[in-house]
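Step one of this worksheet: look at the structure below.
The values are calculated or read from the model by the stated rules, or taken from the named source; none is laboratory data. All figures in this text were calculated on a predicted structure; none of them were measured in a lab. All Cβ positions, glycine included, derive from the backbone under ideal geometry; neighbour counts span all protein chains shown. With ligands, DNA and RNA removed, areas are computed over all heavy atoms of the protein, side chains included. Shrake-Rupley method; radii C 1.70, N 1.55, O 1.52, S 1.80 Å.
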Amino acid sequence: MRGLNESWQDRFAETPGVLKSAWHQQTVVPVLDFEIGGSEFITVAGPCSVETEAQLLATAHSVRRSGARILRGGAFKPRTSPYSFQGLGLEGLKLLDRARQETGLAIVTEVMSETDIDLVAEYADILQIGSRNMENDSLIVAAARSGRPMLLKRGLVATVADLFRAAQIALDNGNSNIILCERGIRTFETAMRNTFDAASIALIKQISHLPVIADPSHATGRRDLVPAAARIGVAAGADGLIVEVHPDPDTAWSDGDQSLDFEQFDAMMLSLAPWIALREGEMRAGGACDLDAAEVA
Ligand code: PEP
Ligand code: MN
C-alpha cells in the first residue's frame with residue numbers, strides 16, 4: 001500500500017476509515033467555490049468571537065484583502081470562566097452571514113450543543129467542533145448528519161488516535177468532509193498557552209487522507225509567536241491555517257493576547273507567501289511533504 005506502512009496500520013487499527021488506503025490518498029473538502037485539501041493552501045482568519053457588526057465586517061474585509069478564504073468567528077463560545085462573554089448566539093450568526101454576503105468569504109463557526117446544530121448549519125459553511133467537545137460523540141454524530149463540512153479541533157489532552165476516533169465517528173455517520181486541526185495540547189510546559197505539536201501535522205499528512213490545518217493562535221496563546229508557529233505549520237505540511245485577527249486585539253472580548261491586528265496579519269501573510277508557494281508545489285504534486293512511508297520503511 002502506498003504511503004502507509006504496517007506499523008501505522010496496526011497502531012491506528014481502530015480507525016481504518018481515517019487512514020490512507022490504496023484507493024484513497026486524499027480527501028478534498030468542497031467549500032463554496034474552492035476546496036480544502038486540494039492544491040490550494042487555505043487560510044482561515046477572523047476574530048475569536050463575533051462582537052459587533054463593525055468589528056466583524058472590518059475584519060472580514062481586511063483578512064480577505066490579505067488572502068484569507070474563510071472567515072472565522074465564534075457566536076457560541078466555550079470559555080475558561082463561566083462568567084466570561086459567552087457569544088452573541090443567533091445575532092452573531094446573522095453578522096457572519098452578512099460578512100459572507102459582503103466579502104464572498106466562507107464562514108466557519110463553532111457549534112457547542114446538539115440543539116444548536118440546525119441553526120448553526122443554516123448560517124455556516126463549516127461547523128467547528130471545538131477542542132472541549134472533541135470527545136462529545138453525540139455532538140459529532142449530530143454535526144456529521146447535518147451534512148455540513150466539519151472542522152474538528154484536537155482536544156486539549158487528546159492524542160492523535162483520539163482525534164482520529166472523533167473523525168471516524170463523523171465518517172461512520174456519513175460525513176467525509178472533515179478537516180482536522182492541530183491547535184496545541186497541554187503538556188508540562190506552561191510558558192505558552194499550549195504546546196504546538198507540529199510533528200502531529202506531518203504524521204497526519206503521512207497516514208491520513210483527511211486535510212489538516214494548523215492553529216498557531218491557540219497553539220501559542222501569544223501574538224508575537226503566531227507568525228513563527230504559522231510558518232512551522234506550513235513547513236510541517238498543513239493544508240491551511242486558522243488565525244485569530246481583531247481590529248484592536250487589546251480590547252478583544254476573548255483571546256486578545258493571541259490575536260493579530262490587521263497590519264500584523266497582512267505582514268504575516270506576506271512573509272508566509274514563499275513558504276506557502278513551496279507547500280502548494282507539494283500539494284499540486286500530490287500531498288504529503290515528506291517521503292512516502294513505504295520508501296522510509
Ligand atoms: C476557538 O477557535 O476560538 C476555540 C475556542 O478554539 P479551541 O476549541 O481550539 O480552544
Ligand atoms: Mn479563541
* When segment 65-84 is examined, which residues are found to be open to solvent by 50 Å² or more (accessible area, probe 1.4 Å) and over 20 Å from Val243 (Cα atoms)? -> Pro82, Tyr83
* Asked: Mind checking which residues of segment 238-274 are closer than 16 Å to Phe196 by Cβ, within 16 Å of ligand 2 (Cβ to nearest atom) and out of contact with any Asp or Glu (no Cβ under 8 Å at 6 or more places or on another chain)?
  -> Asp257
* Is it true that some residue in segment 9-19 is in contact (Cβ under 8 Å) with a residue 24 or more places away in the chain, within 28 Å of Ala267 (Cβ to Cβ) and either buried (at least 22 other Cβ atoms within 10 Å of the Cβ) or more than 16 Å from ligand 2 (Cβ to nearest atom) (or both)? -> no
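For residues that are in a helix (DSSP H, G or I) and either away from ligand 1 (no atom under 16 Å from the Cβ) or over 11 Å from Asn194 (Cβ atoms) (or both), tally how many sit in segment 205-223.
4
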* Structure fact -> Of the residues in segment 184-206, those that are within 16 Å of ligand 2 (Cβ to nearest atom) and more than 15 Å from the chain's Cα centre (by Cα) come to Arg186, Met192, Arg193, Asn194
* Can you name the residue in segment 38-59 that is without any contact (Cβ under 8 Å) to a residue 60 or more places away in the chain and crowded, with 20+ Cβ neighbours inside 10 Å and is also farthest from ligand 1 (Cβ to nearest atom) among such residues? -> Leu56
* Give just the number: which of (1) surrounded by 19 or more Cβ atoms within 10 Å (Cβ to Cβ); (2) part of a helix (DSSP H, G or I); (3) away from ligand 2 (no atom under 16 Å from the Cβ); (4) among the small types (Gly, Ala, Ser) does Ala277 not satisfy? => (1)
* Examine segment 219-226 for a residue that is open to solvent by 40 Å² or more (accessible area, probe 1.4 Å), within 23 Å of Leu57 (Cβ to Cβ) and β-branched (Val, Ile, Thr), and state whether such a residue exists. => no
* Asked: Could we say that Ala166 is at negative phi, of a type in the set (Gly, Ala, Ser), buried (at least 19 other Cβ atoms within 10 Å of the Cβ) and away from ligand 1 (no atom under 14 Å from the Cβ) here?
  -> no
* List every residue pair whose Cβ atoms sit under 8 Å apart, with the two residues 6 or more apart in sequence or on different chains, where the first one lies in segment 131-144 and is on the phi < 0 side of the Ramachandran plot and at pLDDT 95 or above and the second, anywhere, is open to solvent by 50 Å² or more (accessible area, probe 1.4 Å) and not in a helix (DSSP H, G or I). => Asn133/Met112; Leu139/Met112; Ala144/Gly174
* Asked: What do you reckon, is Leu180 buried (at least 24 other Cβ atoms within 10 Å of the Cβ) and in contact with a strand residue (DSSP E or B) (Cβ under 8 Å, 6 or more places away or on another chain)?
  -> yes
* **Selection within segment 207-226 - farther than 27 Å from Pro149 by Cβ and more than 16 Å from ligand 2 (Cβ to nearest atom)** => Asp224
* Filter pass, Gly89 being of a type in the set (Gly, Ala, Ser) and open to solvent by 20 Å² or more (accessible area, probe 1.4 Å) -> no
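Taking the options Ser200, Ser254, name whichever one is outside any strand (DSSP E or B) and within 13 Å of ligand 1 (Cβ to nearest atom).
So the residue among Ser200, Ser254 that is outside any strand (DSSP E or B) and within 13 Å of ligand 1 (Cβ to nearest atom) is Ser254.
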* To do: Report the residue count in segment 130-183 for those that are of a type in the set (D, E, K, R), more than 16 Å from ligand 2 (Cβ to nearest atom) and part of a helix (DSSP H, G or I).
  => 5
* Find all pairs meeting these conditions: Cβ atoms under 6 angstrom apart; at least six residues apart or on different chains; first residue within segment 60-78 and more than 17 Å from Leu272 (Cα to Cα) and away from ligand 2 (no atom under 16 Å from the Cβ); second residue part of a loop (DSSP other than H, G, I, E, B) and not basic (Lys, Arg). => Ala60/Leu105
